[in-house]
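These notes are about the structure you will find just below.
A short reminder: the numbers here are calculations on the coordinates, not readings from a lab. Just so it is clear, the structure is predicted and the values come from calculations on it, not from any experiment.
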Amino acid sequence: NIKRRRRRAISMWTRRNINWRLHTYPSSSHLSREMIRSLVFYALRVWAEPTPLEFHEVGSPEAADLQVDFLHGYHGDGYPFDGAGGAVGHAFFPSDPDRAGGVHLDAEEEWTFRQPASEGTDLFTVLVHEFGHALGLSHSSSRHSVMRPYYQGPAGDPLHYSLGAQDLETITQLYGKRNQLLATEAPHRAP
Amino acid sequence: PTPSSAPVTPTEDESTQLVDWLMKYGYLPPPDPSTGQLQAWTAVTNAVKSMQRFAGLKDSGVVDEETMALMNSPRCSLPDQGEPSQSPANSKAR
């Protein structure tokens, strides 16, 4: 499994099709499992829209490049969770040979969706940030970046949210632009 | 209360928490394993300045209410400085 994960981690930089799996859910949450799954889908779509990346949901751990887990306290990766507030999540870079693709969220947060900031932590916003790490983006000091390390309240509506200029530039530097790909492939696709 | 630039005098516990926070998020190196000694206070001040710059605050090196509020706010667990073992940039270069 470790060898397989390492191979997948190394190849993730060059791949366009990335498989994801939602492995565990928070034990008690106002959000339904289906809602959480939808928010994962929309958070990945944020990164897919400007790039040639395509994300596919899979059921088996062997096939998953990205695996989302809601975890409690110490969970063996050196980044323990601390209950509501404080650390809300983390994810590992594609270059991390042993942990790439791991997206961990604190199961004890009060996860919310379309609620005021005072009601809890917006799951969509945190997912977009952590998927950014899983795809290779570091923290940004820009107040307009979703990769800013501090939670700043809900980023926006998942149906209409799009990346800011800096995040857009970074992700397209890493993976290319969706339009470029279509232009390159167009002659081969034409009948 | 609304965050202001008023300096806050930290208690001993708060100082320990401050150093822990700065180490956790990559602004201070961990203590020397051979001596177990922590960094000099000037290093802590510089780390606070660095944290303030990254956060877009005035880099006074003083833990004022605004800085404290940010340190207590929810955030991603990954460090801001000295990202995990292999940075994306390094990986890309390879």
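Nearest 5 percent is fine: what portion of the DSSP beta bridges confined to segment A:61-191 is antiparallel?
30 percent
Can you list the HN-Hα couplings for segment A:72-79, worked out from phi with the Karplus curve (6.51, -1.76, 1.60; θ = phi - 60°), rounded to whole Hz and with x for Gly and Pro?
Values per residue, Gly and Pro as x: 10, x, 6, 9, x, 10, x, 10 Hz.
How high is the relative contact order of chain A? Use alpha-carbon pairs under 8 Å, at least six apart in sequence, and give a whole percent.
Relative contact order for chain A comes out at 24 percent.
Could you compute how fast segment A:41-191 diffuses translationally, taking Rh as the Kirkwood radius over C-alpha pairs and applying Stokes-Einstein at 10 °C with viscosity 1.306 mPa s? Give it in µm² per second.
Stokes-Einstein gives a translational diffusion coefficient of 96 µm²/s.
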